[in-house]
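What follows is a set of notes on a single structure, which appears directly below.
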Amino acid sequence: MSFAAPSGTSYRFGRFALVPRERLLMVDGEPCTITPKAFDVLQVLLERAGHLVTKNELLDAAWPQVVVEENNLQVQISTLRRILGPGIIATVPGRGYRLTSEVFDGKTRTATMPSAAPSAPTRPVSNVPELAAPLIGRDDDIAALTHLLQTQRLVTIAGPGGIGKTRLAQAVAQAVAAAGDAPFHDGAAWVELAAIADAALVANSIAAAARVAAGPGADPVGGLAAALRPLSLLLVVDNAEHVDDAVREIVHAVLANAPNVTLLVTSQVPLKIPEERVYRLSPLQFPDTPVDAAEALEFGAVALFCERAAAADRRFALADENVATAVEICRRLDGVALAIELAAARVPLLGVRGVAQHLDQRFRLLVSPDRTAPSRQQTLLAALDWSHELLTHPQRVVFRRLGVFSGGFGLDAARAVVADGELDEWTVVDVIGELIDRSLVAAGGGENPRYGLLESGRGYALMRLADAGEDEQTRERHAGAMQAMFEHAAEDRWQLSDEAYRDRYEPELDNLRAALAWSAEHRPALAIALAASSAHLLLLVSSLVEARRLSERMLPLLTIEVPDPVAAAFWTSRAAVFADRPDKVARAAALRALELCRDIGDERGAYLALHQLAHSQRGAERETAAALAEMRGLERPGWPPRLLLARHAVEVIVARAGGRLDEARRLLEAQIQLAIATGADDVVASCLDQLAALSLAAGDVEPALAAGHELVARLRTRRNLRRLSAAYAVVLNAAALGGSTSEARRAAEEFIAIDRRLGWSYLHRALDALALLATLEGRLAAAGLLAGCADAAHAAQTNFRAREHGVELTRARVWERLREHLGERAAEAAIDAGSRLDPEQACRIALARDDEALAGAPRRQGSDDGGGAA
């Protein structure tokens, strides 16, 4: 359906005037900026003032003959409400919108409702409170609940305090009351129970809301059910959690004796009766990837924050420069409506960035300026206090102890941390189930579900834990549980595929970090053990920078008495996380680990230490061959096949060190087969990377490029940034050697974006290729600087300047071109200056299209222009 205003028509409503012919909106006589689509939507609402305009009608009017998402309409309605104020456009939940203001079109005055009102029902019962502000982000929930209420007689909206149960129920009840259709001919009755402390008063409160008499006598519940029998009514019972026993009794009676009454209940805990359909209300959605301002407003949490912030501060507007901060606020507040509204109210005082910076003090920050609101909604702390006061003693104990978990938990970990002499393990499990019912613990899906507290709930639990004097002992049990888990993970490493291992242990990373932070201060030996046993996981999930920082943080703690097995495991893990710095860090760590393992007779530990030692001295054939021989002597028949991959890797190292590249290729192909059979995806990627490097070393550019592309395709879906960075380095080297400038540049951009996140772990493999790319593009000065930076980077990795196989050919080609075009002396000067570039400078120069990027580059000491760093 389309609408068109008569020629010359204009509309006046309140302070506003709209002139369709000139597409002009006036506010107090002054022109107002409005987007074209918002203008179209407003014009249709004005033409139908007082009447419901469906969403489809508005979409057809604003986007004729174009299919668009309904969120586009919500964005325009939000825009109009910011201009007109929150009360002029009313939402008719699940159906559309209606302009509520009186409108004058120059000839007639249009009422806010259709002039021909339907005849009133014989028993009008509609005391549903009006929504104080538009309900945002809940259209799908309104539609789902409206549909449920057509077929189910008892629906409970369950969810944690502050998530928006009451306002959603209001919106649904208003839609029902406004429609007056079957099965609710008598409308909707609303009863608020939050202020009812005496359960004996619940029946009378419901009777009063429904405008019926419960009747005298000792059976108010039976009298209420009898009084409701004649009615076709939606009965909404709000905030039932603290009197749920009384509500349960009444619901039973009403369902049995009043066949045309449907009940909609809001509660933190379901009633748990057979007829009940529980509708668990999820938090409002927020983006989990970067978005611009327009995209962010399509998410309910962000739209709510922005609407409330704009209402509090007319200067506020969501823009690309503050959208990430607004999204972060919504994320940290878990999409909980009350918390988001309270945060938005602080924007006039603190600004968006200030609100985000103070969220760690959320219980002081999130306070409502509206003193007319119910006390439990005036602060986030009050809302959580309300929920906490309803818990039994065991529920309070379990809830507060669960606060030490970060990022969720499994049942085994929860039992280990929470159970004690007062609560056995099975009681803990039962109570967690009760807390799930009360919406204080969220449950995930799957065969092995994880559980967790929302961030605000967790902060509250920790506050209660400290109040109970249990903080230190609970955190100690948590750290001990993480130690036990990751000791088991050290064995699972040899039994599980990489994918299964990551799926099992990656969810525990936040718990691991929390345990490390506590134990580093209170139990240093435990911290060192955790650092050692978790290194493999950190490498597998590409947290290489974190693994290195953790290893460095543990070094000062080794001054205390640490058991030799723990120290040996730590030194082996240190060699692994610094494997690309062999002569600087890894070799010393591997030697220390090997010495300790030999002292305590740990054959498997020595085997792994020898693998790291061989890797750290991979250019020396005799030393690596000796390590290989000792590894062969240590192997035992019962060892897991996957463990033997360590020896296969050293065989390749020995062959490459001896220049036997064909043998190395055959060994790599055999190693790939074993790695595939054992699910060692990381080893497969490493072997493919080495095969590509061998092709490059032989000058076979096309096979190397094909291998690099295969490796990139394989790794993009495997969450392995560490290997992906190395793969792009292969593609970059091969493309540059093959003279494919455009492909080399694309690979350079991808490589730099990934390796920056890894702390420039593989930059030394790419710098020579970046220098060669610069020569191909005619940027000779840049090429010289990058070649010097490459020399310095290789020197930082090892005491020798020798390149890895596959890179030395690139370096030779760069030097050849520099001498040809710059001359040997100028080339050496550029290389010397480039040795002082930091990674960011080098990459900025590498990606520049011309030599303008050299303005801030270091210059050779003693040059004609005065030398020194620019």
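What span do the alpha-carbon atoms of the range 584-692 cover on each of the three principal axes, reported in whole Å from largest to smallest?
38, 30, 23
With +1 on each Lys and Arg Cβ and -1 on each Asp and Glu Cβ, how big is the dipole of the range 727-806 about its Cα centre, in debye rounded to the nearest 20? Don't jump to the answer; show the numbers that get you there.
On the way: 8 positive and 8 negative charges, 20 e Å.
Using only the charged Cβ atoms, the result is roughly 100 debye.
Just need the Rg to Rh number for the chain, please, alpha carbons only, Kirkwood Rh. Working shown, then result.
Numbers: Rg = 34.5 Å, Rh = 32.3 Å.
Radius of gyration over Kirkwood radius for the chain works out to 1.07.
With charges only on Cβ, +1 for K and R and -1 for D and E, what is the dipole size of the chain about its Cα centre, in debye, rounded to 20? Present the calculation step by step, with values, prior to reporting the outcome.
Details: 94 positive and 112 negative charges, 234 e Å.
Dipole about the Cα centre, nearest 20: 1120 debye.
What residues have an amide H closer than 5 Å to that of R660, excluding those fewer than 5 places away on the same chain, when H is modeled at 1.01 Å from N in the peptide plane?
Those lying under 5 Å, H to H, from R660: there are none.
Helix-derived [θ] at 222 nm for the chain: sum -39500 (n - 2.57) over DSSP H runs of at least 4, divide by residue count, nearest 500? Provide the component values of the computation, followed by the final result.
Values: 39 runs with 495 residues, N = 870.
Value at 222 nm, helices only, nearest 500: -18000 deg cm²/dmol.
Given H placed on each backbone N at 1.01 Å, which residues far from R280 in sequence or on other chains put an amide H within less than 5 Å of it?
Counting only residues 5 or more places away or on other chains, the set is A158.
Using the per-residue mean of other Cβ atoms lying within 10 Å as a proxy for protection, in what order, highest first, do the peptides 721-732, 597-608, 528-539, 818-829 fall? Mind dumping the intermediate values first?
On the way: 721-732: 26.8, 597-608: 17.7, 528-539: 24.6, 818-829: 15.5.
Taking the mean over residues of other Cβ atoms within 10 Å, the ranking is 721-732, 528-539, 597-608, 818-829.
What is the Cα radius of gyration of the range 676-773 over 2.2 N^0.38 Å, N being its residue count?
0.99
Work through the residues other than A748 whose Cβ is under 13 Å from its Cβ and net out their charges, Lys, Arg +1 and Asp, Glu -1.
Values: positive: R745, R746, R756, R765, R779, R844, R849; negative: E743, E749, E750, D755, D768, E777.
After counting each charged neighbour, the total is +1.
Suppose R0 equals 60 Å; then what is the FRET efficiency for D437 and R21 from their Cβ-Cβ distance, rounded to the nearest 0.05? Please report the intermediate quantities before stating the final value.
Working: r = 60 Å, r/R0 = 1.00.
Taking R0 as 60 Å, the efficiency between D437 and R21 is 0.50.
For the range 841-846, just list the computed ³J(HN,Hα) in residue order, Karplus coefficients 6.51, -1.76 and 1.60, θ = phi - 60°, integers in Hz, with x standing in for Gly and Pro.
4, 4, 6, 5, 5, 4
What's the long-distance tail for the range 399-461, i.e. % of Cα pairs beyond 19 Å? Spell out each step's value before the answer.
Working: 417 of 1953 pairs.
Here the long-distance tail beyond 19 Å is 21 percent of all Cα pairs in the range 399-461.
Below 8 Å, C-alpha to C-alpha, sequence gap of six or more: please give me the relative contact order for the chain in percent. Write down the numbers at each step before the final one.
On the way: 1416 pairs, mean separation 49.3, N = 870.
Rounded, it is 6 percent for the chain.
If eta is 0.890 mPa s and T is 25 °C, what Stokes-Einstein diffusion coefficient results for the range 443-546, Kirkwood Rh from Cα pairs, in µm²/s?
164 µm²/s
Which ³J(HN,Hα) values in Hz, rounded to whole numbers, follow from the phi angles of the range 320-334 under the Karplus curve 6.51 cos²θ - 1.76 cosθ + 1.60, where θ = phi - 60° and Gly and Pro get x?
4, 7, 10, 5, 5, 5, 4, 5, 4, 4, 5, 5, 5, 9, 6
For the chain, which whole-number percentage of the solvent-accessible area (1.4 Å probe, protein heavy atoms only) is attributable to carbon and sulfur atoms? Display every interim value, and only then the final one.
Values: 18980 of 37620 Å².
Carbon with sulfur: 50 percent of the solvent-accessible area.
Between Y97, L558, H488, whose Cα lies farthest towards the positive end of the dipole of the chain when Lys and Arg beta carbons carry +1 and Asp and Glu beta carbons carry -1, centred on the Cα centre?
Y97
Taking N as the number of residues in the range 518-608, what is its alpha-carbon radius of gyration divided by 2.2 N^0.38 Å? Provide the component values of the computation, followed by the final result.
Details: Rg = 12.3 Å, N = 91, 2.2 N^0.38 = 12.2 Å.
Computed over Cα atoms of the range 518-608, the ratio equals 1.01.
Step by step: find N for the range 269-400, compute 2.2 N^0.38 Å, then divide the Cα radius of gyration by it. What's the final number? Each step should come with its number before you reach the end.
Working: Rg = 16.6 Å, N = 132, 2.2 N^0.38 = 14.1 Å.
The value comes to 1.18.
Please report the net charge: other residues with Cβ closer than 11 Å to the Cβ of A484, K and R +1, D and E -1. Provide the component values of the computation, followed by the final result.
Values: positive: R477; negative: D412, E487.
Neighbour charge sum, excluding A484 itself: -1.
What ranking, highest mean first, results for peptides 441-447, 188-194, 32-38, 320-326 when packing means the other Cβ atoms within 10 Å averaged over each residue?
Values: 441-447: 12.4, 188-194: 22.1, 32-38: 14.6, 320-326: 17.4.
Result, highest mean first: 188-194, 320-326, 32-38, 441-447.
Calculate, for the range 376-424, the solvent-accessible area per residue in square angstrom, rolling a 1.4 angstrom probe over the heavy atoms of the protein chains.
Numbers: 1670 Å² over 49 residues.
For the range 376-424, the per-residue accessible area is 34 Å².
Using the Karplus curve 6.51 cos²θ - 1.76 cosθ + 1.60 with θ = phi - 60°, what ³J(HN,Hα) values do you get for each residue of the range 703-717, in whole Hz, with x for Gly and Pro?
So the J values, rounded to whole Hz, are x, 5, 5, 5, 5, x, 5, 4, 5, 4, 4, 5, 8, 4, 9.
Which residues' amide hydrogens lie under 5 Å from the amide hydrogen of V261, considering only partners 5 or more residues apart or on another chain, with H built in the peptide plane?
Under 5 Å from the amide H of V261 lie the amide H atoms of L233, each far enough along the sequence or on another chain.
Antiparallel as a % of all DSSP beta bridges within the chain, to the nearest 5? Mind showing how you got there, number by number?
Details: 23 of 44 bridges.
Antiparallel: roughly 50 percent of the beta bridges in the chain.
Mind ordering 564-573, 292-301, 737-746 by average Cβ neighbours within 10 Å, highest first? Display every interim value, and only then the final one.
Working: 564-573: 22.7, 292-301: 19.5, 737-746: 16.2.
Answer by packing, highest mean first, reads 564-573, 292-301, 737-746.
The values are calculated or read from the model by the stated rules, or taken from the named source; none is laboratory data. Values in this document were obtained by computation on a predicted structure and should not be read as measured data. Glycine gets a Cβ as well: all are built from the backbone with ideal geometry, and neighbour counts include every protein chain shown. Areas reflect the complete protein model, heavy atoms only, side chains present, ligands, DNA and RNA absent. Shrake-Rupley method; radii C 1.70, N 1.55, O 1.52, S 1.80 Å.
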